[in-house]
Amino acid sequence: MCMERAFQPVTLGPLTLKNRFIKSATYEGFFEEGIPTQGLTDHHAALAQGGVGMTTVSYGAVSPEGRTFHNQMYIHEGTLPALAGVAEAVHRAGGKISMQLTHCGFFSKNKEAGKPLGPSRLLNQYGLLNGLPFSKEMDRDDMERTAGHFALAAERLAEAGYDAVEVHMGHGYLLSQFLSPATNRRKDAYGGPIANRARFPLEVFRRVKERVGHRLAVLVKLNMSDGFRGGLTVEESSYVAQELERLGADALVLTGGFTSKTPFYLMRGEVPLKGMIQNGENAAEKITMALFGPLIVKKYPFTPLFFLDQALQIRRSVKMPLAYLGGVDGREDISRLMDAGFDLIALARPLIHDPQFLLKLHTGEIDRTACDRCNECVVEMDRGGVRCVK
Ligand SMILES: Cc1cc2nc3c(=O)[nH]c(=O)nc-3n(C[C@H](O)[C@H](O)[C@H](O)COP(=O)(O)O)c2cc1C
């Protein structure tokens, strides 16, 4: 089968995309005091103009306490006009738009939100220097309130003209913290075997689906593995995928890695340590990064299609639409993924490097991305907005 199939339309529940390409969520940093700037609109409009079927706005915190730091954007009345503007611009450019629904869980240095919430009481290395050393184990009220926040955020996005939402169950954020045996040490019905650890993430999914499923496609970004011993395994993730299929998820975007432990497992390539040190918020953070950065931030060499083996295991366990994500390099990879039965292809860095990547690939102007995975774009997120420096 050729690459052409990837450029054909695909239907995900109530939504039809003009092609099978999704711009994967990458933290944009186009916000001022938590309000999206024109940069966010321009960024996503450029991606839509470059021909991607659907672009994904990243890290839409569902509540103030779902933010990893205090001036991060969250979905509420104050941000909706700007978010609606992004959707309008994307539609005008012929694309569809999704928003990633997130909650940081214990991975927080957001002092204003108070003690971070988590599946268990956990040491919060990320917030240590900001006076937030431990998380609080969520009780039933916390869970009920948080699930409500996810559903309300999705409804607000439907009103703002969004076409889809992506419930984030990956990368070590709250729902992924519940899934992971490393961070979920609960003794109740929400901890222990994977059927229990998945209970709260699945409840959240169900609430979102019930609220907006008739209007929006509801996708899930799902960890296949956390990338360290004692973390979520692909076998456990297959179970979660099957449950999400049963509950009517419109597609899964497959990923892995845990931001507080294995941040570069999810993207691979260079660790841009120098810029990360410079971006530290205070002197203590900078010094800690300079001294311990190489130990804390493990490097994983880049290889094309680095999640393929794991994604094939998930492919064999469900029939629902799956988006392959991770190291898609060009024409050959896309054909291979179509042949392997993936329904969608999600990309991040090739589209940060060049929003016109897909158009150029389709016309034959290029065969593969020129992105070298230097990952300096990660540093740029905190320097006025994500961009390729090359
Ligand atoms: C600059 C940057 C920011 C990212 N921010 C997010 C994010 O906010 N949410 C998320 O789910 N993934 C995020 N990711 C991960 C990407 O969505 C994707 O999973 C990863 O880059 C692998 O895909 P690629 O090889 O096509 O780049 C980010 C990646 C990069 C490079």
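The values are calculated or read from the model by the stated rules, or taken from the named source; none is laboratory data. This structure is a prediction, so every number in the text was calculated from the model and none was measured. Neighbour counts are summed over all protein chains in view; Cβ atoms, including those assigned to glycine, are modelled from backbone coordinates with ideal geometry.
Checking each residue in region 351-370 for being among the β-branched types (Val, Ile, Thr), within 14 Å of the ligand (Cβ to nearest atom) and either closer than 20 Å to residue 9 by Cβ or part of a loop (DSSP other than H, G, I, E, B) (or both) picks out only 369. Taken over region 328-350, residues that are among the charged types (D, E, K, R) and within 13 Å of the ligand (Cβ to nearest atom) amount to 3. Going residue by residue through region 254-265, is there one that turns out to be at pLDDT 95 or above, crowded, with 20+ Cβ neighbours inside 10 Å, touching an Asp or Glu at 6+ places or on another chain (Cβ under 8 Å) and of a type in the set (Gly, Ala, Ser)? Within region 254-265, one or more residues are at pLDDT 95 or above, crowded, with 20+ Cβ neighbours inside 10 Å, touching an Asp or Glu at 6+ places or on another chain (Cβ under 8 Å) and of a type in the set (Gly, Ala, Ser). Residue-level check: of (1) under 19 Å from the mean Cα position of the chain (by Cα); (2) modelled with pLDDT under 90; (3) of a type outside the set (Lys, Arg), residue 277 misses just (1).
Note on region 96-133: residues that are assigned to a strand (DSSP E or B) and basic (Lys, Arg) amount to 1. Of the strands (runs of 3 or more DSSP E) that lie entirely inside region 1-90, those containing 1 or more residues that are more than 16 Å from the ligand (Cβ to nearest atom), in contact (Cβ under 8 Å) with a residue 40 or more places away in the chain and not polar (S, T, N, Q) span 10-12, 15-17.
For first residues located in region 211-225 and over 19 Å from residue 239 (Cα atoms), partners that are of a type in the set (Ser, Thr, Tyr) and surrounded by 23 or more Cβ atoms within 10 Å (Cβ to Cβ) and lie 6+ apart or on another chain with Cβ distances below 7 Å form the pairs 216/162. Of all residue pairs spaced 6 or more apart or on separate chains, those with beta-carbon atoms under 8 Å, a first member in region 337-365 that is within 14 Å of residue 254 (Cα to Cα) and a second member that is assigned to a helix (DSSP H, G or I) and β-branched (Val, Ile, Thr) are 345/334. Taking the conditions exactly as written (under 16 Å from residue 19 (Cα atoms), within 12 Å of the ligand (Cβ to nearest atom) and either in contact (Cβ under 8 Å) with a residue 24 or more places away in the chain or not aromatic (Phe, Trp, Tyr) (or both)), does residue 325 satisfy them or not? Here the answer is yes, as residue 325 does meet what is asked.
Check region 299-320 and report whether any residue there is among the charged types (D, E, K, R), within 16 Å of the ligand (Cβ to nearest atom), touching a helix residue (DSSP H, G or I) at 6+ places or on another chain (Cβ under 7 Å) and under 24 Å from residue 43 (Cβ atoms). No, there is no match, as no residue in region 299-320 is among the charged types (D, E, K, R), within 16 Å of the ligand (Cβ to nearest atom), touching a helix residue (DSSP H, G or I) at 6+ places or on another chain (Cβ under 7 Å) and under 24 Å from residue 43 (Cβ atoms). Just one of the numbered conditions (1) within 16 Å of the ligand (Cβ to nearest atom); (2) over 22 Å from residue 346 (Cβ atoms); (3) not basic (Lys, Arg) is not true of residue 171: (2).
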